[in-house]
1. What number of residues within region 82-109 are over 15 Å from the mean Cα position of the chain (by Cα) and either part of a helix (DSSP H, G or I) or within 19 Å of T47 (Cβ to Cβ) (or both)?
2. Can you spot a residue in region 24-39 that is among the hydrophobic types (A, V, I, L, M, F, W, C), under 26 Å from H121 (Cα atoms) and within 13 Å of the chain's Cα centre (by Cα)?
3. Can you find, within region 1-23, the residue that is farthest from the chain's Cα centre (by Cα) among those that are over 22 Å from S58 (Cβ atoms) and among the hydroxyl-bearing types (S, T, Y)?
4. Mind checking which residues of region 1-56 are closer than 19 Å to G98 by Cβ, among the charged types (D, E, K, R) and in contact with a Leu (Cβ under 8 Å, 6 or more places away or on another chain)?
5. Are any residues in region 65-81 outside any helix (DSSP H, G or I) and crowded, with 17+ Cβ neighbours inside 10 Å, and if so, which ones?
6. Going by what's in this entry, would V114 be described as of a type in the set (A, V, I, L, M) and either modelled with pLDDT of 90 or more or surrounded by fewer than 16 Cβ atoms within 10 Å (Cβ to Cβ) (or both)?
7. Is it fair to say G62 is out of contact with any strand residue (DSSP E or B) (no Cβ under 9 Å at 6 or more places or on another chain), modelled with pLDDT of 95 or more and of a type in the set (G, A, S)?
8. Out of curiosity, is V40 β-branched (V, I, T), out of contact with any Ser or Thr (no Cβ under 9 Å at 6 or more places or on another chain) and modelled with pLDDT of 90 or more?
Amino acid sequence: MTDETPVSEVMSSPVETVDPETTIEEVARIFAEEGVGSLVIGDDPITGIITEYDVVKSIGEGKDPETTTVGELMSEPVVTIRPQDTVENAGDRMGNNGVKKLPVTESGVPVGIVTTTDLAHFLPHHRLEMASQPETDVPDGEFE
């Protein structure tokens, strides 16, 4: 793997989408059943994104999960990335925009999602391949 690794190699696919009218109660059920931590709102075009944090925060604020919709809570606009963009570019986009999840789109349609967790799983392997020699300032057998 190199700096040119495309997002398509580390993204999760397919991406889960819901309509803006979906209730928080239903979103929580989808999170649990599908084992995902975010949902994209809309699919052509994407109108927002909702995360587990958004759902927990809404409950903490006393919002009714049976009547509150994702359209009321979703983050917008959504920062996206294309499948052929590099993993390095994805990390830069996340850092520059303060987001942890990037829907991956082709012609505006979601085809996957890349998260900070995906990058964390990729980067250790990436760094090991790039290291040409051990660190010189760490004596043999010393661990931090």
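1. Looking only at that region, the number is 4.
2. yes
3. Per the stated criteria, the residue is T2.
4. Hit for region 1-56 is D54, nothing else.
5. Result: T68, T69, M74, V78, T80, I81.
6. Yes: the conditions hold for V114.
7. yes
8. For V40, the condition - β-branched (V, I, T), out of contact with any Ser or Thr (no Cβ under 9 Å at 6 or more places or on another chain) and modelled with pLDDT of 90 or more - is not met.
The values are calculated or read from the model by the stated rules, or taken from the named source; none is laboratory data. A quick note: this is a predicted structure, and the numbers were derived from the prediction, not measured. Glycine gets a Cβ as well: all are built from the backbone with ideal geometry, and neighbour counts include every protein chain shown.
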